[in-house]
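The values are calculated or read from the model by the stated rules, or taken from the named source; none is laboratory data. Source: prediction; values computed, not measured. Neighbour counts are summed over all protein chains in view; Cβ atoms, including those assigned to glycine, are modelled from backbone coordinates with ideal geometry. All accessible areas refer to the heavy atoms of the entire protein, side chains included, with ligands and DNA or RNA removed. Shrake-Rupley method; radii C 1.70, N 1.55, O 1.52, S 1.80 Å.
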Amino acid sequence: MPNGDKPLVKCSVSNCTYWGEKNVCNADVIMIDIDQHADRHYKAEFAGEAFDTEHRDTAASSSATCCHTFKAKSS
């Protein structure tokens, strides 16, 4: 893999704590869900800890998904 053992995840949300140079996500764990669950608050610790979710969904396209890993940068 181009990023060692981790897949390369690109993200354009520059106000996220995990956003890195050249739009590379630096989180250890990425949680992506369908838009239907966008307002859910999973019991989770970000970047390095597991998410407390075992459900499975399907999405018809990438536009029907959302990233729960986002954490706004502190000012």
Exercise. Obtain the nm distance between the two label points defined at Ile34 and Lys10 by a simple spin-label model: each point lies 7 Å from its Cα along the Cα-to-C-beta direction.
Key: 2.6
Practice problem: Roll a 1.4 Å probe over the protein heavy atoms and report the accessible area of Thr65 in Å², nearest 10. | Solution: 50
Exercise. Scan around Thr65 for amide H atoms under 5 Å from its own, H built in the peptide plane at 1.01 Å from N, and keep only partners 5 or more places away or cross-chain.
Key: Asp35
